[in-house]
Amino acid sequence: MKTRIIGVVSGKGGVGKTTTVSNLGAAMSLLRKNTILVDGNLTTPNLSLHLGIPFYPYTIHEVIQGRAEIEDAIFYHRSGLKILPASISLSALKDINLRRFEEIFRMLKGRTEYVLVDSSPGLGKETQSVIEHSDEVLVVLNPELPAITDALKVVKLAESLGTEITGVVVNKVRNDPHELKTEEIEEILDYPVIGVVPEDKNVHISILKKTPIVFSHPRSKAARKFKEIASTITGEKLKERKSLLDVLLELFGR
């Protein structure tokens, strides 16, 4: 089985990278793509919190430390998602061997069609390792100059490591006057924006529910955009049944 390992990266924290990972994974599951989500943020992991994973006995940390097999650490979420979580315990911060971290990528090859890695924000060693050992990276940012400037550094790092850049996802878009436009972002980064996700209060509700918005609020604006991005990445369109309201709105040209 051919595996695409996609590192999801950002130049700074708070842009919605983990939300993007969980929802792209959810959308890919709707497309019937065999997908594993990996929490590659070894120091400040959040993916488990977003998906309501309890204190799982085995995590990516135990695999890195040689105390568990990767099969033991893969969590099967009630939604059907497969996740390789990271430990939120402070004791897990000891003995993080990045060489063993690199082996995780090799272990996942051939096990699944897609691997989405939620990297640490910024340009630390963990992020560098994710970028270097991914087949490609997806850059997540907000439409504000500081986030775009930091994202440019990530782009340059990926280029220097020879890692393909799939594209850019602009998240939390409010359409405020101070926000940079898609064309401006593409001009600065020199890579295409493959998705624009609006600010959506339902995202916060979905995180509280510990379920991706693609599942909790499938018809919300953000969920629709995440599904579109997943379709762009996989090259397959999700066929959804239209509601009576959608049919009537189309009929009357709304």
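The values are calculated or read from the model by the stated rules, or taken from the named source; none is laboratory data. Predicted model only: the values in this text are computed from it and were never measured. Here Cβ is always computed from backbone atoms with ideal geometry, including for glycine, and neighbour counts include all displayed protein chains. Heavy atoms of the whole protein, side chains included, go into the accessibility calculation; ligands, DNA and RNA do not. Shrake-Rupley method; radii C 1.70, N 1.55, O 1.52, S 1.80 Å.
With a 1.4 Å probe and every protein chain kept in, tell me what percent of the accessible surface of segment 101-254 is carbon plus sulfur.
C and S atoms contribute 53 percent here.
Any of Lys12/Lys33; Lys12/Lys225; Lys17/Lys221; Lys181/Lys239 with alpha carbons more than 27 Å apart? Name them for me.
Lys12/Lys33; Lys181/Lys239
Accessible area per residue, 1.4 Å probe, Å², for the chain: what's the number?
Per-residue value: 49 Å².
From the residues Val196, Ile60, Met28, which one has its Cα farthest along the dipole of the chain in the positive direction, the dipole being from +1 and -1 charges on Cβ of Lys/Arg and Asp/Glu about the Cα centre?
So the residue furthest toward the plus end is Met28.
To the nearest 10 square angstrom, what accessible area does Asp176 show with a 1.4 Å probe?
Roll a 1.4 Å probe over it and Asp176 shows about 50 Å².
Taking only Cα atoms, what is the 0 to 90° angle, nearest 10, from helix 145-161's long axis to the longest principal axis of the chain?
50
Treat segment 34-144 as a sphere of radius equal to its Kirkwood radius over Cα pairs and apply Stokes-Einstein at 25 °C in a medium of 0.890 mPa s; give the translational diffusion coefficient in µm²/s, rounded to a whole number.
It comes out at roughly 173 µm²/s.
To one decimal place, what Kirkwood hydrodynamic radius in Å is obtained for the chain from all pairs of distinct Cα atoms?
Across the chain, the inverse of the average 1/r is 18.5 Å.
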